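One structure is given below, encoded as structure tokens.
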Amino acid sequence: MSGISLTASMRSNLLSLQTISGQVSSTQNKLSTGNKVNSAIDNPSSYYTALSLNNRADDLNALLDSMGQAVSTIKAATTALESATDFLEQASAVATQALETAKVPDKSFFEEKVGENGAVVTTAQELRDAINSGKETICVYGAIDLGDISQTGGLTLQENQKLVGVGYFGNYDTDTDKFSSISATANTANRAVLRVTQDGNVLSDLSINYNNTVESGAAYAVFVDGGGDGKSYQATLSNLDIQLETSSSQNNGVIRIGIFSYNKSTTNIEGKINIQTLGRLNYGVYINNSEVNINDTSKVYVKTVGESANGISAYTQGVININSGSKVDVEIQGTGGAGIWIYNQARCTIDPFSYINVKTFGDNGYGIYGDNKATININSGANININTSGQESYGIICRMNSINNIQHNSQINIFTTGLNGHGICSCIGSLINIEGNINIDVKTGQGIINALNGSSINIASLAQVYFNVGLSALYNGYNDGTGPNILDIAAGAKLAFEKDGKTDWYEVKEDWQDKNTSTTTNNAITADNVKDKLNVEETTAWELPEKIEKYSKEEAAQDLSGDSKQYQEILNQYDALIKDANYKGINLLQPEKLTVKFNEDNTAALEVIGKDMSSKALGFTIFEWQTQGDINKSIEELTSAINSIRNYSSELGNNYNIITTRQDFTDNLINILTEGADKLTLADMNEESANMLALQTRQQLAINSLSLASQASQSILKLF
């Protein structure tokens with residue numbers, strides 16, 4: 001079969017029409033997609049260049065979102081700082097108001113307070129006259145110097161008289177902490193600045209300064225005399241600052257006593273008592289055949305300096321009760337001194353939730369010393385911290401038939417740093433019962449010692465004792481033949497031994513006793529032989545007693561509880577606000593870090609380092625006002641904290657500006673990249689529309705031309 005032949009003109013027109021159709025299809029594609037380059041086939045160079053630009057723009061878009069979140073994180077921190085500043089400014093206003101209202105009013109204000117049967121005194125003569133005339137409440141307004149009381153003696157209160165300072169009536173700012181003060185000198189023994197010899201006396205909110213130069217004898221700042229048998233006088237001592245010293249060149253024969261409770265009296269100590277004494281055989285508080293109660297919420301600070309100087313001492317059937325909630329801090333500087341010394345059938349009771357902190361700095365120092373049939377009861381929940389630094393010092397010692405009961409759940413820390421410093425010792429017929437939780441750290445001495453003539457130590461089943469010792473943990477010594485020394489350890493007792501940085505924790509499985517009748521041999525339990533001596537098994541560690549926070553003598557006798565509570569609440573709210581200033585888990589007001597990336601290859605970034613802006617981190621140390629000095633300190637801390645907040649706010653503001661500047665730049669760069677990509681790929685719609693119109697016209701012309709070319713063939717057809 002022969003093929004069909006087309007004329008040359010028809011073929012030419014068909015080819016032209018095919019070309020135009022292809023161009024129309026391409027133009028229609030550009031018009032429908034808006035792109036002149038839709039794939040690498042269209043234009044490889046433009047396509048891949050545009051793809052790269054668009055990919056980078058997408059990456060930067062993701063970073064732009066991250067920058068926006070970083071900006072929000074900083075905004076959260078700066079907003080919190082603005083509110084935090086408001087809190088601190090509010091606290092500053094409370095402090096300033098408290099300071100202003102604490103100014104000491106005129107004398108007439110206190111004359112109204114004491115009433116018709118009272119007196120406000122400014123001179124020594126006015127003070128003596130007020131006491132002698134039987135005024136009920138006597139307010140010392142300012143500093144009064146009694147002068148030399150060697151011949152006249154000091155002041156003796158009558159029944160139910162109250163001798164107080166301005167702080168007794170409120171919280172007042174003074175030019176000196178000793179605004180209401182009484183001072184005296186003497187060169188004669190047995191002189192007291194203040195004598196309380198009647199019932200119902202009150203001494204409160206006073207500073208007492210006494211310089212006695214006697215070469216021998218005794219000197220007393222406050223002497224409370226109960227009147228002897230058949231009488232039972234009571235006195236209340238509250239918020240006193242007592243300074244008792246000497247300018248004598250020879251003070252070894254002088255006994256100086258800050259507070260002397262004597263002869264069947266009962267002395268109740270309340271508030272804050274600061275006592276400092278200087279001299280041999282001096283005492284902060286001395287009890288003889290009488291009773292002293294350190295009541296709850298009381299804070300007592302005693303510092304004694306000199307040979308055989310003691311903090312708190314009960315003698316000859318004296319009684320000292322350290323009640324729940326009280327804090328006692330004793331500092332002994334000198335050889336042979338004791339923080340708490342109980343002697344000659346005297347008794348000491350340390351109640352639950354009381355806090356005692358004793359430091360001794362001389363050789364032969366003692367934390368708690370019971371002697372000659374003394375009784376010491378450390379009740380459940382009591383907290384005691386003892387530090388000794390001299391040679392041959394003891395944390396707790398009982399001798400001469402004394403008894404010491406350390407009850408369950410009492411917490412005792414004993415630290416000695418001096419050579420041959422020891423923890424707990426029972427000797428010469430004494431008995432120590434241990435049930436409490438005790439931490440003994442005596443790196444050069446013995447932990448628990450039982451020695452000399454029929455002494456006993458009982459470690460009960462509830463006891464927990466931790467030893468970090470240089471010598472023996474438990475030492476049961478020989479005796480001189482008058483009786484065996486007995487060491488009992490009950491089943492259930494827990495013992496821990498630290499050695500070479502490693503601690504082994506044990507529980508005793510059966511009762512054990514060592515009765516040492518030898519006059520030459522000592523028996524000891526150490527970390528190395530405990531498994532041979534006792535039936536023990538390993539147990540889990542228990543919590544050691546925490547070190548007790550020292551009460552500072554600088555806390556004077558003011559009650560600022562109302563304003564102080566407002567101040568505390570504001571600081572609590574401040575800290576809560578700081579904790580809440582987080583955004584998506586990041587808090588720039590805590591020591592956290594925010595990293596902001598500015599480009600896709602991580603070569604440009606900003607680290608915003610958060611700062612701890614809590615009250616503690618900003619240097620707040622005063623959270624409870626006790627004195628006008630505390631308020632001033634708080635105002636200083638507030639000023640410093642506000643400045644720190646402002647400085648950090650400025651730092652955050654700089655970081656905010658950096659991020660927003662980069663944010664704007666990135667946004668613009670994304671537009672540039674997208675625009676560049678579009679220039680390579682987007683079609684000109686006007687141009688393509690014109691092209692389409694031209695192509696459609698050409699296409700119509702090509703069809704018409706093809707029609708004309710085919711007419712010759714059609715003419716031949718007409719011949720048939």
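Residue-wise test of (1) modelled with pLDDT of 70 or more; (2) part of a helix (DSSP H, G or I); (3) surrounded by 14 or more Cβ atoms within 10 Å (Cβ to Cβ); (4) over 60 Å from the mean Cα position of the chain (by Cα).
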{"site": "T661", "(1), (2), (3), (4)": "yes, yes, no, no"}
{"site": "G676", "(1), (2), (3), (4)": "no, yes, yes, yes"}
{"site": "K679", "(1), (2), (3), (4)": "no, yes, no, yes"}
{"site": "L695", "(1), (2), (3), (4)": "no, yes, yes, yes"}
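What do you reckon, is I548 of a type outside the set (D, E, K, R) and either modelled with pLDDT of 90 or more or more than 30 Å from G445 (Cβ to Cβ) (or both)? Outline the logic, then answer.
Values: of a type outside the set (D, E, K, R): yes; either modelled with pLDDT of 90 or more or more than 30 Å from G445 (Cβ to Cβ) (or both): no.
For I548, the condition - of a type outside the set (D, E, K, R) and either modelled with pLDDT of 90 or more or more than 30 Å from G445 (Cβ to Cβ) (or both) - is not met.
Please note which strands (runs of 3 or more DSSP E) are completely contained in the stretch 404-515 and include at least 3 residues that are crowded, with 18+ Cβ neighbours inside 10 Å, touching a strand residue (DSSP E or B) at 6+ places or on another chain (Cβ under 8 Å) and among the polar types (S, T, N, Q). So that I can check it myself, show each step before the final result.
Working: elements: 411-416, 422-427, 431-434, 437-442, 448-451, 456-459, 464-469, 474-476, 485-489, 494-499, 502-508.
Once the strands (runs of 3 or more DSSP E) in the stretch 404-515 are filtered for at least 3 residues that are crowded, with 18+ Cβ neighbours inside 10 Å, touching a strand residue (DSSP E or B) at 6+ places or on another chain (Cβ under 8 Å) and among the polar types (S, T, N, Q), what remains is 411-416.
What tally of residues in the stretch 454-478 results from selecting those that are of a type in the set (S, T, N, Q) and closer than 21 Å to S393 by Cα?
At the first step, the residues of the stretch 454-478 found to be of a type in the set (S, T, N, Q) are 455-456, 458, 461, 464, 468, 472, 476.
Now restrict to residues that are closer than 21 Å to S393 by Cα: 455-456, 468, 472, 476.
Selection size over the stretch 454-478: 5.
Considering only the stretch 573-603, state which residues are free of Cβ contacts under 8 Å to residues at least 40 places away in the same chain and of a type in the set (A, V, I, L, M, F, W, C). Break it down into steps so the answer makes sense when it comes.
First pass over the stretch 573-603, keeping only residues free of Cβ contacts under 8 Å to residues at least 40 places away in the same chain: 576, 579, 585, 590-593, 595, 601-603.
Scanning the stretch 573-603 gives a single hit, A576.
Among the residues of the stretch 608-621, write down those that are out of contact with any Asp or Glu (no Cβ under 7 Å at 6 or more places or on another chain), within 16 Å of Y583 (Cα to Cα) and of a type outside the set (A, V, I, L, M).
Within the stretch 608-621, K611, D612 meet the criteria.
Assigned to a helix (DSSP H, G or I), touching a residue at least 12 places away in the same chain (Cβ under 8 Å) and polar (S, T, N, Q): does that describe Q69?
Values: assigned to a helix (DSSP H, G or I): yes; touching a residue at least 12 places away in the same chain (Cβ under 8 Å): yes; polar (S, T, N, Q): yes.
Criteria met by Q69.
Could you list, in sequence order, all residues of the stretch 367-381 that are in a loop (DSSP other than H, G, I, E, B) and either farther than 19 Å from Y466 by Cβ or touching a residue at least 60 places away in the same chain (Cβ under 8 Å) (or both)? Please lay out each step first, then the result.
Quick first cut of the stretch 367-381, residues in a loop (DSSP other than H, G, I, E, B) only: 372-374, 379-381.
Result: N372, K373, A374, N379.
Need pairs with beta-carbon distance below 7 Å; first residue without any contact (Cβ under 8 Å) to a residue 60 or more places away in the chain and under 15 Å from N377 (Cα atoms) and within the stretch 428-445, second part of a loop (DSSP other than H, G, I, E, B) and among the charged types (D, E, K, R); sequence gap 6+ or separate chains.
none
What is the one condition in (1) out of contact with any Lys or Arg (no Cβ under 9 Å at 6 or more places or on another chain); (2) at pLDDT below 90; (3) under 30 Å from K359 (Cβ atoms) that E555 does not satisfy?
Result: E555 fails condition (1) only.
Conditions tested, residue by residue: (1) hydrophobic (A, V, I, L, M, F, W, C); (2) surrounded by 18 or more Cβ atoms within 10 Å (Cβ to Cβ).
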| residue | (1), (2) |
| --- | --- |
| K103 | no, no |
| F109 | yes, no |
| V114 | yes, yes |
| V120 | yes, yes |
| Q125 | no, no |
| R128 | no, no |
| G134 | no, no |
| T137 | no, yes |
| V140 | yes, yes |
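I'd like the full set of residues that are assigned to a loop (DSSP other than H, G, I, E, B), surrounded by fewer than 16 Cβ atoms within 10 Å (Cβ to Cβ) and not hydrophobic (A, V, I, L, M, F, W, C), limited to the stretch 615-644.
Answer for the stretch 615-644, where residues must be assigned to a loop (DSSP other than H, G, I, E, B), surrounded by fewer than 16 Cβ atoms within 10 Å (Cβ to Cβ) and not hydrophobic (A, V, I, L, M, F, W, C): K616, G619, T621, E624.
From the residues in the stretch 340-366 that are more than 26 Å from the chain's Cα centre (by Cα) and outside any loop (DSSP other than H, G, I, E, B), which one is farthest from V300 (Cα to Cα)? Outline the logic, then answer.
The first filter runs over the stretch 340-366 and keeps only residues more than 26 Å from the chain's Cα centre (by Cα), leaving 340-349, 361-366.
This time we only want the ones that are outside any loop (DSSP other than H, G, I, E, B), so: 340-343, 347-349, 366.
On the way: I340: 13, W341: 16, I342: 18, Y343: 21, R347: 19, C348: 16, T349: 16, Y366: 19 Å.
My answer is Y343.
Sort out which residues of the stretch 287-322 are touching a residue at least 40 places away in the same chain (Cβ under 8 Å), closer than 11 Å to F260 by Cβ and of a type in the set (A, V, I, L, M), and write them in order of number.
Of everything in the stretch 287-322, just one residue is touching a residue at least 40 places away in the same chain (Cβ under 8 Å), closer than 11 Å to F260 by Cβ and of a type in the set (A, V, I, L, M), namely I287.
Might you check whether a residue that is closer than 20 Å to S207 by Cα, touching a residue at least 60 places away in the same chain (Cβ under 8 Å) and open to solvent by 10 Å² or more (accessible area, probe 1.4 Å) occurs anywhere in the stretch 275-286?
Yes, because at least one residue in the stretch 275-286 is closer than 20 Å to S207 by Cα, touching a residue at least 60 places away in the same chain (Cβ under 8 Å) and open to solvent by 10 Å² or more (accessible area, probe 1.4 Å).
Go over the candidates S389, S354, S324 one by one and state the one that is surrounded by fewer than 23 Cβ atoms within 10 Å (Cβ to Cβ), of a type outside the set (F, W, Y) and closer than 25 Å to G271 by Cβ. Break it down stepwise before answering.
Numbers: S389 fails: closer than 25 Å to G271 by Cβ; S354 fails: surrounded by fewer than 23 Cβ atoms within 10 Å (Cβ to Cβ).
Among S389, S354, S324, only S324 is surrounded by fewer than 23 Cβ atoms within 10 Å (Cβ to Cβ), of a type outside the set (F, W, Y) and closer than 25 Å to G271 by Cβ.
Would you confirm whether or not the stretch 93-100 contains a residue that is closer than 19 Å to S204 by Cβ and either among the β-branched types (V, I, T) or touching a residue at least 24 places away in the same chain (Cβ under 8 Å) (or both)?
Taking the stretch 93-100 first, the residues closer than 19 Å to S204 by Cβ are none.
Among the residues of the stretch 93-100, not one is closer than 19 Å to S204 by Cβ and either among the β-branched types (V, I, T) or touching a residue at least 24 places away in the same chain (Cβ under 8 Å) (or both), which makes the answer no.
Applying the selection to the stretch 392-403, what residues are surrounded by fewer than 24 Cβ atoms within 10 Å (Cβ to Cβ) and part of a loop (DSSP other than H, G, I, E, B)? Walk me through it before giving the result.
Step one: filter the stretch 392-403 for residues surrounded by fewer than 24 Cβ atoms within 10 Å (Cβ to Cβ), giving 392, 399-401, 403.
Passing the criteria: E392, M400, N401.
The values are calculated or read from the model by the stated rules, or taken from the named source; none is laboratory data. Note that the structure is a prediction, hence the values are computed from the model and not measured. Reconstructed Cβ throughout: ideal geometry from the backbone, glycine too, with neighbour counts over all protein chains shown. We work out accessible area using only protein heavy atoms, side chains counted, and drop any ligands, DNA or RNA first. Shrake-Rupley method; radii C 1.70, N 1.55, O 1.52, S 1.80 Å.
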